[in-house]
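First comes the structure, then the notes that go with it.
The values are calculated or read from the model by the stated rules, or taken from the named source; none is laboratory data. This one's a predicted model, so the numbers in the text were calculated from it and none came from an experiment. Glycine also receives a Cβ, built like all others from the backbone with ideal geometry; neighbour counts cover every protein chain displayed. Ligands, DNA and RNA are stripped out before the accessible areas are found, and what is left, the full protein with its side chains, is counted by its heavy atoms. Shrake-Rupley method; radii C 1.70, N 1.55, O 1.52, S 1.80 Å.
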Amino acid sequence: MVRAGVTADGLVRAAAELADESGFDKVTVSALARRFGVKDASLYSHIRNLRDLRVRLALLASAEMNDAIGTAVAGRSGKEALVAFADAYRDYALAHPGRYAATQQRIDPEEVADTAVFLRAVELTHGMLRGYGLQEPDLTDAGRLLRSAFHGYIHIELSGGFAHSRPVAESWARSLDALHHVLENWGNGS
């Protein structure tokens, strides 16, 4: 029997809150069942399994992040777009660390074939990078560079690894300056 008030969307939203409060690794079917005051088995009428729940959480978080980035970069190009993109990415990750962690899990493309969320992320990235005059395969390579740089910085920041007295935001801004320089000179061997 389906418990009144429990829906698939409600479960995913509760999983997102749990991830941000306690960490993505703490998102389990049992933890959600406790939040809803039901037995684990009653949730399986809304989700297939823990993997399904975590993929749905990644889709939710990715859509939220895409919306934030899309709004930030609208009407911008070049360095202004890069900074807006990067800041929206970082702001989302810092505000929603568990949701952000969900977006970093390995997901088989077949698991999300019926959704456009990840395609939207690629479109946003490539759109911003086209402002630097990049085309394939440089779009893919530069996109991978940015994702690696953003994720690495954010991962270290979230784990408290930047203990130096220099403000983290100032280092972030200098990092974006350096990335802008690299993107401006991508095809020049610089």
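Charges only on Cβ, +1 for Lys and Arg, -1 for Asp and Glu: so what's the dipole of segment 1-127 about the Cα centre, in debye to the nearest 20?
Dipole of segment 1-127, to the nearest 20 debye: 360 debye.
Segment 11-35 and segment 49-83 have Cα centres separated by 20 Å. Based on the alpha-carbon gyration tensor of segment 32-130 and its eigenvalue square roots a ≥ b ≥ c, which shape applies: rounded if a/c is under 1.5, prolate if not and a/b is larger than b/c, or oblate? It comes out prolate by the Cα gyration axes. How much area per residue is accessible in segment 69-168 when the probe is 1.4 Å and only protein heavy atoms are counted (Å²)? With all protein chains present, segment 69-168 gives 55 Å² per residue.
Karplus-derived 3J(HN,Hα) values for segment 35-42, using 6.51 cos²θ - 1.76 cosθ + 1.60 with θ = phi - 60°, are 4, 8, x, 10, 7, 3, 4, 5 Hz; glycine and proline are entered as x. Between helix 78-95 and the chain there is an angle of about 30 degrees, using the helix long axis and the longest principal axis of the Cα atoms. Using a cutoff of 8 angstrom between alpha carbon atoms and counting only pairs six or more residues apart, the relative contact order for the chain works out to 21 percent. Placing unit charges on each Cβ (+1 for Lys and Arg, -1 for Asp and Glu) gives the chain a dipole about its Cα centre, and among Leu134, His180, Val168 the Cα reaching farthest toward its positive end belongs to Val168. Put simply, the convex hull of the Cα atoms in segment 117-190 casts, on average, a shadow of 5.8 nm². Taking trypsin sites (Lys or Arg not before Pro) across segment 68-176, the ones in a DSSP loop with at most 16 further Cβ atoms lying within 10 angstrom of their Cβ are Arg76, Arg106. Averaging Cα coordinates gives a centre for segment 111-126 and one for segment 139-183; these two points are 23 Å apart. The long axis of helix 138-158 is offset from the longest Cα principal axis of the chain by roughly 60 degrees. Relative to the longest principal axis of the Cα atoms of the chain, the long axis of helix 117-130 lies at roughly 10 degrees.
Just the protein heavy atoms count here, and of the accessible area of the chain at 1.4 Å, carbon and sulfur take up 52 percent.
Convex hull of alpha carbon positions in segment 19-64: directionally averaged projected area 3.3 nm². Quick one, which of (1) 63, 42, 26; (2) 58, 40, 32; (3) 54, 33, 28 is the actual Cα extents along the principal axes in Å calculated for this model? Answer label, from the structure shown: (1). For Val38, no residue whose modelled amide H falls within less than 5 Å of its own remains once neighbours fewer than 5 places apart on the same chain are excluded. By its C-alpha gyration tensor, with a ≥ b ≥ c as the square roots of the eigenvalues, how is segment 76-173 shaped: rounded for a/c under 1.5, else prolate for a/b larger than b/c, else oblate? Oblate, since a/c reaches 1.5 and b/c is not below a/b.
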